[in-house]
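See structure below.
The values are calculated or read from the model by the stated rules, or taken from the named source; none is laboratory data. Keep in mind that what you see is a predicted model, and the values were worked out from it rather than measured. The area values use the complete protein model at the heavy-atom level, side chains included, leaving out ligands, DNA and RNA. Shrake-Rupley method; radii C 1.70, N 1.55, O 1.52, S 1.80 Å.
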Amino acid sequence: MRHTIGSTTHHYIKILLTPLSPHPAPPDELALRHMLTRTLDEMHGLAGGAIYLDILALLPADSSSSKNDNAREAVLRVGAEHAQILLSALAGATPCSMSFGDQSYAVRTLGSAGVLAALGSDGRAWAAEEE
């Protein structure tokens, strides 16, 4: 594969998950991965939705994004060739929600870029969360 200067192999997507359930619980990484996999399968089928993705961060939502204390922002990384597959699955989630067990979450795409820094997030918050 030939790369030109400025080309990227990954694409980054930032999403907001807001609980819809009467007794909300914030999603964990396993629940998020399950919801994303099911959403991809529903939209693109088992073969078309079988893409590799990384959950780089799952943190409490910024107060400017959501007033819900249990809302979470997630940053996802996919191969650049699979970005449109994931974005279309997120946009087509019915009815703009995903669920895991008895919990349902509204999902909204906050940003999408070929470079992580372009999402406008402060990486120091993620580093502090991992420590």
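Things to note:
- Backbone geometry of the stretch 24-30 corresponds, through the Karplus equation with coefficients 6.51, -1.76 and 1.60 at θ = phi - 60°, to 3J(HN,Hα) couplings of x, 10, x, x, 9, 5, 5 Hz, x marking Gly and Pro.
- Accessible-area rank, largest first, for TYR105, TYR12: TYR12, TYR105, with all protein chains present and a 1.4 angstrom probe.
- Solvent-accessible area of LEU20 with every protein chain in place, 1.4 Å probe, in Å² to the nearest 10: 100 Å²
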